[in-house]
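All remarks here apply to the structure that follows.
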Amino acid sequence: MYLNLKSSYKKGPWTDEEDESLKTLSSMEQYTGQWKIISEALNRSPASCYHRWHTRFKPDIKTGRWTEEEDMALLEGVKKYGRDWEKIVKDIPGRSGRHALLRYDKFICPNTNRGKWTPEEDQLILQEFEKHGRSWTKIAESIPNRTPFQVQARYDTNVNPKIKKGRWTPEESDRLLELVAKYGHDWTRVSQELATKSNMQALLRYNYLRSKQKKEAN
């Protein structure tokens, strides 16, 4: 299903820290099913991340194949209700609003472009973000054939100009712990207040710090 695109991926047993990061990232709307993005964050191959999730953390809900009838009901629901997923799934028994969103945006949305992002598209995201903030549906209206789901993930992981790559400073780590104490695991809110780190960076750093504290306590 997934090819291992580089030989430097980490191999061997998964740590508790990696498991916690995988579990949380795969449950976040913008990263659900985004195994290439998750693999880059964890330095594990996409295949390894998918297999680990599928065998350890896959939710025990209706996750089987969507039937043709369900897909048709989903398309009809979008025509009728727009992106009001909770209304749409009232006509699709056993499916949640979140799964309807993912099914539509990732698989059946007509004309969706699933290829590489261009510099022009990235620039459009920045321009529209200045106008609309984190209203991904609004922003996606200006970027042909990209879904709000795609736009949010692209902004949070690649385009946001405030995001700093590289090492965390001690001050940033202290601030992160303060914000987690305040907001819990609401990583979007935590990253917004951090300003210079994405929600994925915040999650991974927190799990690292927590794992380090546990080792030191032992």
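Here Glu193 clears all of (1) closer than 20 Å to Glu40 by Cβ; (2) out of contact with any Ser or Thr (no Cβ under 7 Å at 6 or more places or on another chain) except the condition numbered (1). Inspection of the range 45-65 finds no residue satisfying the criterion of being of a type in the set (Asp, Glu) and either in contact with a helix residue (DSSP H, G or I) (Cβ under 9 Å, 6 or more places away or on another chain) or modelled with pLDDT of 90 or more (or both).
Within the range 109-152, the set of residues being closer than 25 Å to Glu70 by Cβ and among the charged types (D, E, K, R) comprises Arg114, Arg146. Looking across the range 168-189 at every residue that is of a type in the set (Asp, Glu) and assigned to a helix (DSSP H, G or I), the one that is nearest to Gln213 (Cα to Cα) is identified as Asp174.
Screening Arg114, Arg56, Arg98 for residues that are within 17 Å of the chain's Cα centre (by Cα), surrounded by fewer than 16 Cβ atoms within 10 Å (Cβ to Cβ), of a type outside the set (Phe, Trp, Tyr) and closer than 30 Å to Lys10 by Cα leaves exactly one candidate, Arg114.
Listed by first and then second residue, the pairs linking a residue in the range 135-164 that is free of Cβ contacts under 8 Å to residues at least 12 places away in the same chain to a residue that is surrounded by 18 or more Cβ atoms within 10 Å (Cβ to Cβ) and basic (Lys, Arg), with Cβ atoms under 7 Å apart and 6 or more places separating them unless they lie on different chains, are Ala140/Arg146. For the range 190-202, the set of residues classified as part of a helix (DSSP H, G or I), within 15 Å of Ile37 (Cα to Cα) and modelled with pLDDT under 90 consists of Asn199, Met200, listed by residue number. Screening Phe129 on (1) outside any helix (DSSP H, G or I); (2) over 17 Å from the mean Cα position of the chain (by Cα) shows it passes everything except condition (1). Taking the criterion of being touching a residue at least 24 places away in the same chain (Cβ under 8 Å), under 28 Å from Trp136 (Cβ atoms) and in contact with a Leu (Cβ under 7 Å, 6 or more places away or on another chain), the residues of the range 173-218 that qualify are Leu176, Trp187, Met200, Ala202, Leu203, Arg205, Tyr206.
The values are calculated or read from the model by the stated rules, or taken from the named source; none is laboratory data. On a predicted model such as this, the values are computed, not experimentally measured, just so you know. Please note: Cβ atoms are built from the backbone with ideal geometry, for glycine as well, and neighbour counts cover all protein chains shown.
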